[in-house]
Structure formats: C-alpha cells, structure tokens
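K.L.:
First the structure, which I've put down as structure tokens, then a few questions once you've had a look.
No value in this document is a laboratory result; all are computed from the given coordinates. All of these numbers come straight from a predicted model, not from anything done at the bench. We place every Cβ from the backbone using ideal geometry, glycine too, and count neighbours over all the protein chains shown.
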Amino acid sequence: MSKRIIYTNPDGSCSIIIPAPNCGLTIEQIAAKDVPSGCTYEIVDTSAIPSDRSFRNAWEQDTSVTPEKIKVNFIKAQEITKNRLRKERTPLFTDLDVQFQKNSEKGTDNTTVVAEKNRLRDITKLPDS
C-alpha cells in the first residue's frame, strides 16, 4: 500500500500508521479502527512522509493545504540536536579529563586542554544560533 495515515496525538506529537500489506481492510477502515477517538487524521501518499528521520520526534502534522503533510518543530529539533551533541561530546570530555590530569601531574601547561573543554561546553549553544 502506498498510503499512510497521519494524525496528531493529544500531546502534539505526530503518529503515522503504516498499514500491513494484504490486511484485507481499506485504508479508511484501518483509520476508523486504529486512529484514537478524537484525533483528526489524514490519508497521505508515502511521498508526503519525510525520508530523513533525524528529527522524527519533532515531527508535527501540517494541516495547511501544502504537499508537505509533516513539518519539523524547530524548537524540538534544537533540543534533539543539543542532546545528540551532549552524547557525542561525553567521551571527548573523558579523554580531556585524563589529559588534564596527566599534564597537571607533569606540571605541563593545560591551556589547550581547557580551551578545548570550553569549546565542547559551548557547542550546545550552536543550535540556538
């Protein structure tokens, strides 16, 4: 089936129903059965669903009359990006902490290490700009 059902949950998130092949029901019957009561839905072509799922948790149903039926909530996408950056920088901080300690024990200058740690701390500010 080349159709999908999209609807907005009460919390504002977007859900997508992908019908099972050969289920024996029409897409309308599936929507009537599976879309939660009180939620408005739309039946769309698969091409209306973004293929890039990087910001899947920031998707919202776009109810305007545009070919794009899903939009990305920018504020949510920023937070997803910040969390990804925090996760990616964690092992870098660990390595820098070890390097800082070794330099301190040897009496070596830590200016470069401190500068890099500050750069990593500030990296989560980038999605806000």
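K.L.:
Only one of these conditions is not met by residue 99: (1) exposed (fewer than 11 other Cβ atoms within 10 Å of the Cβ); (2) farther than 30 Å from residue 9 by Cβ. Which number is it?
P.N.:
Exception for residue 99: condition (1).
K.L.:
Look at segment 48-96 and say how many of its residues are over 11 Å from the mean Cα position of the chain (by Cα), closer than 20 Å to residue 9 by Cβ and either of a type in the set (A, V, I, L, M) or outside any loop (DSSP other than H, G, I, E, B) (or both).
P.N.:
Residues in segment 48-96 being over 11 Å from the mean Cα position of the chain (by Cα), closer than 20 Å to residue 9 by Cβ and either of a type in the set (A, V, I, L, M) or outside any loop (DSSP other than H, G, I, E, B) (or both): 6 in total.
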